[in-house]
Amino acid sequence: MITGKTKLLGVIGYPVEHSLSPLMHNAAIKAINNQKNQQNLIDYVYLPFPIKPEDLTTAIAGFSAIGVQGFSITIPHKQAIIPLLSEVSDIAEAVGAVNTVYKIDKGWAGTNTDVTGFLAPLKTYNWDWHQKVAVILGNGGAARAVVAGCAELGLAEIHVVGRSEDKLRAFQQSWLNSPLPVNITIHKWDNLSSLITKADLLVNTTPVGMYPNIQEYPVDEAMFDNLSRGAIVYDLIYIPNPTKFIQQAQERGAIAIDGLEMLVQQGAAALELWLKESVPVDVMRRSLREHLGLTD
Ligand code: NAP
């Protein structure tokens, strides 16, 4: 229920209509209140804010003026928001992007919960990560959170595969002065067939296979045969669910993780920051699964 005291949370992006965040955050807020008595209710609503790049500074000043408590950030503002913040966490600095902003005394603080989101399903496997090798497909924004996550786990080797030598080199160099010690090896796609044989963790961070191009997949079927049976195959894409990439992995006995849990867990980490209390991750997960027509 919206009252005279309702506090605002939201997501900024452009476009933002596709965002599933309002659905999952409002479901969590409602569930938290269902567990509380009348005196302790939390009075928040989470809204989508479509903000054009040229309006970002004005919009954030407006957020301060109207007392917005915190917000998520999606494309195209994840880097552009940084100069507007008073504080940026080490992890957001390492990733080079902010996806969550919260209020502090002197203004706004930014962090990046994508790394937490990416790591959450991996941490359920009790692996000795220091012995493991990661192969990451793509070198865009999401790949940065994945590399930071792999570095945090302490993987023995982190290989990044991309299409453009220049972009790969720039990607590698960008970690040199990072607050997180990251040592990656870069490769063109031609190298993938030899790389894949040693991958313990194979992560797709490209949009290949994402709706509506659901018949596409980033790794040739024949190449998949070289993947070791116990490997984890992780696709950051969550629509469709499963992707072709995930289906291929499952058919070959690999452990498959789709992008939905990362989405849920990055959102849960953000909501905990804003509300300063634990949040019902199961409700957030269920709201998205129901919305996407997925059965448990
Ligand atoms: P991005 O910054 O645009 O990066 C995309 C990367 O994929 C780039 O390295 C790009 O290569 C590469 N790529 C694009 N098309 C390709 C193709 N046909 N073949 C080979 N490589 C290709 O995008 P992003 O923000 O990293 O997002 C990537 C994907 O991750 C999207 O599907 C997004 O939905 C998903 N994602 C999921 C979550 C989650 O919570 N589950 C979070 C973030 C992102 P070039 O650099 O050569 O163009």
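Please give the charge dipole size of segment 171-296, origin at the Cα centre, charges +1 on K and R Cβ atoms and -1 on D and E Cβ atoms. Round to the nearest 20 debye.
That gives segment 171-296 a dipole magnitude of about 200 debye.
Distance from the Cα centre of segment 92-119 to that of segment 248-296, in angstrom?
19
Name the lysines eligible as straight-distance cross-link partners of Lys106: C-alpha to C-alpha under 29 Å, and not fewer than 8 places from it in the same chain.
Excluding near neighbours in sequence, the set is Lys5, Lys7, Lys52, Lys78, Lys276.
So if R0 is 22 Å, what FRET efficiency would Leu23 and Leu273 give, r being the distance between their Cβ atoms, rounded to the nearest 0.05?
The pair Leu23/Leu273 has a calculated efficiency of 0.70.
Express in nm, to one decimal, how much length is gained between Thr58 and Gln79 on full extension, taking 0.36 nm for each residue of separation and deducting their alpha carbon distance.
5.9 nm
Toward the positive end of the charge dipole of the chain, about the Cα centre and with charges on Cβ (Lys, Arg +1; Asp, Glu -1), which of Leu288, Val182, Pro207 goes farthest?
In the chain, that residue is Leu288.
Along the Cα→Cβ direction, 7 angstrom out, place labels at Ala31 and Leu180. What is the inter-label distance in nm?
Label-label distance for Ala31 and Leu180, simple model: 2.6 nm.
In segment 15-105, which GluC sites (Glu not before Pro) are in a loop and have at most 15 other Cβ atoms within 10 Å, using DSSP for the loop call?
Answer by residue number: Glu17.
Work from the charge dipole of segment 1-155 (Cβ charges, +1 for Lys and Arg, -1 for Asp and Glu, about the Cα centre) and give the residue of Gln39, Thr111, Pro53 farthest towards its positive end.
Gln39
Relative to the Cα centre, what is the charge dipole magnitude of the chain, using +1 at the beta carbon of each Lys and Arg, -1 at the beta carbon of each Asp and Glu, and rounding to the nearest 20 debye?
That gives the chain a dipole magnitude of about 520 debye.
Please compute the length gained on full extension between Ala222 and Ser194, using 0.36 nm multiplied by the number of residues separating them and subtracting their Cα-Cα distance.
Here the answer is 8.9 nm.
So if each residue of separation counts as 0.36 nm, and I subtract the Cα-Cα distance between Thr3 and Gln247, what length gain in nm does that give?
Full extension from Thr3 to Gln247 adds 83.2 nm.
Which whole-number percentage describes the relative contact order of the chain, with Cα contacts under 8 Å and a sequence gap of 6 or more?
17
Per 5 Å bin from zero, what fraction in whole % of the C-alpha pairs of the chain is there, up to the bin with the longest pair?
Taking all Cα pairs of the chain, the binned fractions are 1, 5, 11, 15, 17, 16, 13, 10, 6, 3, 1, 0, 0 percent.
What's the magnitude of the charge dipole for segment 82-142 around its Cα centre, counting Lys and Arg as +1 and Asp and Glu as -1 at the beta-carbon? Answer in Debye, nearest 20.
Here the size comes out at about 140 debye.
Among Val98, Leu9, Pro83, which residue has its Cα furthest toward the positive end of the charge dipole of the chain, with +1 on Lys/Arg Cβ and -1 on Asp/Glu Cβ?
Leu9
Beyond 19 Å, what percent of the Cα pairs of segment 116-257 remain?
Beyond 19 Å sits 48 percent of the P(r) for segment 116-257.
With each run of n ≥ 4 DSSP H residues scored as -39500 (n - 2.57), what mean residue ellipticity at 222 nm is computed for the chain after dividing by its residue count and rounding to the nearest 500 deg cm²/dmol?
Helix contribution divided over all residues of the chain: -10000 deg cm²/dmol.
Of Ala148, Ala59, Ala28, which is the most mobile in a GNM of the chain whose springs link Cα atoms less than 10 angstrom apart?
For the chain, modelled as a Gaussian network with Cα springs under 10 Å, the answer is Ala59.
Every number here is computed from the coordinates shown, using simple stated rules; none is lab data. Remember, predicted model here, so these are calculated numbers, not experimental data. Every residue, glycine among them, receives a Cβ derived from its backbone with ideal geometry; neighbour counts consider all protein chains shown.
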